[in-house]
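The structure appears right after this line, and notes come after that.
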Amino acid sequence: ATCKPWQSGRFLPRVWERCQPPSRKGINTTAGQGQQVGAQEKQVLEDLEMPLARKETETLFQEQPQTGNQYLEDALLRSYLKTHLPPKVLEEVNQDLERFGNRLLTKIKPLGWECELNPPVFRQYDAWGRRVDHIVTCSAWRRMKEIAAEEGLIAEAYERRYSNWSRLHQAVKLYLFSSSSGGFNCPLAMTDGAAKVIESLGIPGSLKNAFDHLTSRDPKKFWTSGQWMTERRGGSDVANGTETVARKQPDGTYRLYGFKWFTSAADSDVTLTLARIADAEGQVKQGSSGLSLFFLKVRDEEGKLNSIQVQRLKDKLGTRQMATAELWLDGAKAELISAEGRGVASISNMLNITRIHNVIGAVASMRRMISLSREYARRRVAFGKLLKDHPLHMQTIARMEVQTRGAFLLLMEIVRLLGLVETNVASEQDQLLLRLLIPVAKLYTGKQASAVVVEAMESFGGQGYMEDTGLPVIVRDTLVLSIWEGTTNILSLDVLRSLTKSQGQVMAVFFSTVQKKLELASSTAKLEPAVKQMRDAISSLAQFMQAAGSKGAVTMELAARDFSYTLARIYAGALLIEHAAQPNASSTDISAARRWCKQELCPVATELENSGYEAEEALVDGALVYEGCPACGSRL
């Protein structure tokens, strides 16, 4: 507005000085002292007359944050591996991860962006009117599949080159891969889950070929798997929401008939799915005991769909790089792989793996956004100084860093325990703890990730809201993580089930494990405040358990979410303290542990003190939600 061409020429030099954009280093530039005023006026007038697209605008651009090798820049990851891995394993894993970090930076990251720019397209008919139901994916997506095989992103966990540490090695590679994968981390999660189910069944002969394909390092042989569970009547409620029927054929195979409402990675090679077996009269058994697990190939040997019709691709908020579809199963040929009526129990191994992958994605998205935020803070100038020199800005990023560290260590603990279980060296206590921590970590990190990535997006100002920066992609793709593999409330109830099934033993293991980790820090003076806060929280949790036990099932259900958050915060706090107590720990490790423990560690006890879990409160909840609703208010 101050650079209008009709202004008097004698004012133009001074106006030009005011309108000079900041340089790339954030320092205002002015016209050179040796220039003649007339020349300056002429140049300004020429610039004003020139179309905007043709102007020299480089100096208007903010500097793009540039990160390097993700592995080398992740101090906590490297410190964790150095602390826990045996020396020989550490040497080989370190070399592999550094090499992989370079490949991510130079080759994989550009492919991931190409996947975002070229989402899958559904072509239902060919040029001659024949129905083909072809899901067209871009070349970058197909290349991601090859890279996943080459890097052994599934194979690593099943080859067990490093015994119980193989699962952790795989998880770290997936953690590094996730944010650059262009959404391919999702089909890998289901592929890993399918391989785990087949392995848990003893790799029967009929599934040996499938297992070999799912765990192959050969790009030409590698298969990905789907997980077709969600139907029209429900998502997590598979016991009542599954309508698909399986009819047995004379050759012992089955034909499946039903509608799958939400099938991620619909371009996968194979899938596992639930269905109800029809008896001779065509009747099926309802409830979870009527569900069985089936394996099927999506296409036959000629490449034709296996009696499957694609209705449409889902129009999603995020994960647009991946084809998610509605599918009709119209006699799809399948193989029964569980005992009849044991489908839910059999697929639980898949759910555990995919939930761990969900945690991997959550922690990876947090780490990625923080890495970009801190790099941007080194380059962006505001109010006369770099963002990193503004204390409030750095405090905000530091708070996100503390959350990310807690989530990361929770992830590492889960995959460490899984590695012990898979190599048959886990104790009964390890197995109980893993059963509890998987839903706890999944629900908590899903919520953490959503909060952290949105906060991190804000640290870029308006640039964080611009699509071509790639930042909104990370935010959108992260928001699904609290929904995938069970919502927060569903998993909170699953946490309660783990207590019931173990008859309370799992909580005894939880308390003893946390206490042991705190004892490791007893000689570290700087950790004393954090240890005290943790012990106070444990005491409050124990009091809650005692009080809640006399109040009935409604109280525990109302407390389920806060209870799960409490378990996550206390256990993550113990892990942060344990890590900070190591001989090679840094001052930032100690600071992170202390800061984590300053938050409300036991929200469930605080809410109980305020009578927040009484049955009467549940009635008030309904009244608050439906006040003024003509259709339902009168029934409250």
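The values are calculated or read from the model by the stated rules, or taken from the named source; none is laboratory data. Given the structure is predicted, the values throughout are model-derived calculations rather than measurements. Here the Cβ positions follow ideal geometry from the backbone for every residue, glycine too, while neighbour counts run over all protein chains shown. We work out accessible area using only protein heavy atoms, side chains counted, and drop any ligands, DNA or RNA first. Shrake-Rupley method; radii C 1.70, N 1.55, O 1.52, S 1.80 Å.
Sorting check: for 471-481, 114-124, which peptide has the highest mean count of neighbouring beta carbons within 10 Å, and how do the rest follow?
On the way: 471-481: 21.7, 114-124: 16.4.
Ranked by mean Cβ neighbours within 10 Å, highest first: 471-481, 114-124.
Label sites at His84 and Lys532, each approximated as a point 7 angstrom past Cα along Cα to Cβ, lie 3.0 nm apart. How far is helix 205-214 tilted, in degrees, relative to the longest principal axis of the Cα atoms in the chain, given as a value from 0 to 90 rounded to the nearest 10? Computed tilt is about 10 degrees. One equal scatterer on each Cα of the stretch 504-629, no solvent, Debye formula: the resulting log10 I(q)/I(0) at q = 0.11, 0.12, 0.16, 0.23 Å⁻¹ is -0.45, -0.52, -0.78, -1.25.
Angle of helix 391-422 to the longest C-alpha principal axis of the chain, folded into 0 to 90 degrees and rounded to 10: 30°. Annotation: amide H-H contacts under 5 Å for Ser216 (H modelled 1.01 Å from N, sequence separation of 5 or more, or interchain): Trp223. Under 5 Å from the amide H of Phe259 lie the amide H atoms of Thr244, Leu329, each residue being 5 or more positions distant or on a separate chain, with H modelled from the backbone and absent for Pro and chain starts.
Between the stretch 216-238 and the stretch 264-321, how many Å separate their Cα centres? About 8 Å separates the Cα centre of the stretch 216-238 from the one of the stretch 264-321. Its residue count N sets the reference 2.2 N^0.38 Å, and the alpha-carbon radius of gyration of the stretch 305-401 equals 1.85 times that reference.
What is the packing order of peptides 426-435, 610-619, 197-206, 169-178, taking the mean over residues of other C-beta atoms within 10 Å and listing the highest first?
Values: 426-435: 17.4, 610-619: 12.7, 197-206: 14.9, 169-178: 24.9.
The peptides rank, most packed first, as 169-178, 426-435, 197-206, 610-619.
Averaging the Cα positions of each part gives two centres, and for the stretch 563-599 and the stretch 127-156 these lie 41 Å apart. Counting every alpha-carbon pair across the stretch 415-467, the share separated by more than 18 Å comes to 54%.
Rounded to the nearest whole angstrom, the semi-axes of the ellipsoid equivalent to the stretch 336-469, taken from the Cα gyration tensor as √(5λ), stand at 40, 16, 10, largest first.
Take each peptide in 568-578, 549-559, 76-86, 348-358, count the other Cβ atoms within 10 Å of every residue, and average; sorted highest first, the result is 568-578, 348-358, 76-86, 549-559. Against the main long axis of the alpha-carbon atoms of the chain, helix 587-596 sits at an angle near 60°.
Shown in residue order for the stretch 368-379 are the 3J(HN,Hα) couplings computed by the Karplus curve 6.51 cos²θ - 1.76 cosθ + 1.60 at θ = phi - 60°: 5, 5, 5, 4, 5, 5, 5, 6, 5, 5, 7, 10 Hz (x for Gly and Pro).
Pop out the carbon and sulfur fraction of the accessible area of the stretch 504-629 as a percent, whole number, probe 1.4 Å. Please list the in-between numbers first.
Numbers: 3120 of 6150 Å².
Using a 1.4 Å probe with all protein chains present, the stretch 504-629 comes out at 51 percent carbon and sulfur.
Please compute the per residue accessible area over the chain with all protein chains in place, 1.4 Å probe, rounded to a whole number of Å².
Roughly 47 Å² per residue, with all protein chains present.
If you plug each phi of the stretch 323-335 into the Karplus form 6.51 cos²θ - 1.76 cosθ + 1.60 with θ = phi - 60°, what whole-Hz ³J(HN,Hα) values come out, in order, with x for Gly and Pro? Each residue of the stretch 323-335 in turn: 7, 10, 10, 9, 10, 9, 9, 10, x, 5, 6, 9, 10 Hz. Rolling a 1.4 angstrom probe over the stretch 215-270 with all protein chains present gives an accessible area of which 45% lies on carbon and sulfur atoms.
Here the Karplus curve 6.51 cos²θ - 1.76 cosθ + 1.60, taken at θ = phi - 60°, turns the phi angles of the stretch 161-172 into couplings of 4, 10, 6, 5, 8, 5, 5, 5, 4, 4, 4, 5 Hz, with x standing for Gly and Pro. For Lys314, nonlocal amide neighbours, meaning residues 5 or more places apart or on other chains whose placed amide H falls under 5 Å from its own, are Thr324, Ala325, Glu326.
Given axes a ≥ b ≥ c from the Cα gyration tensor, I'd like to know whether the stretch 117-246 is rounded (a/c under 1.5), prolate (a/b larger than b/c) or oblate.
Values: a/c = 1.75, a/b = 1.26, b/c = 1.39.
The shape class here is oblate.
Structural descriptor for the stretch 504-629: relative contact order 34 percent, calculated from alpha carbon pairs under 8 angstrom and at least 6 residues apart. Computed on the Cα atoms alone, the convex hull of the chain gives a volume of 234 cubic angstrom per residue.
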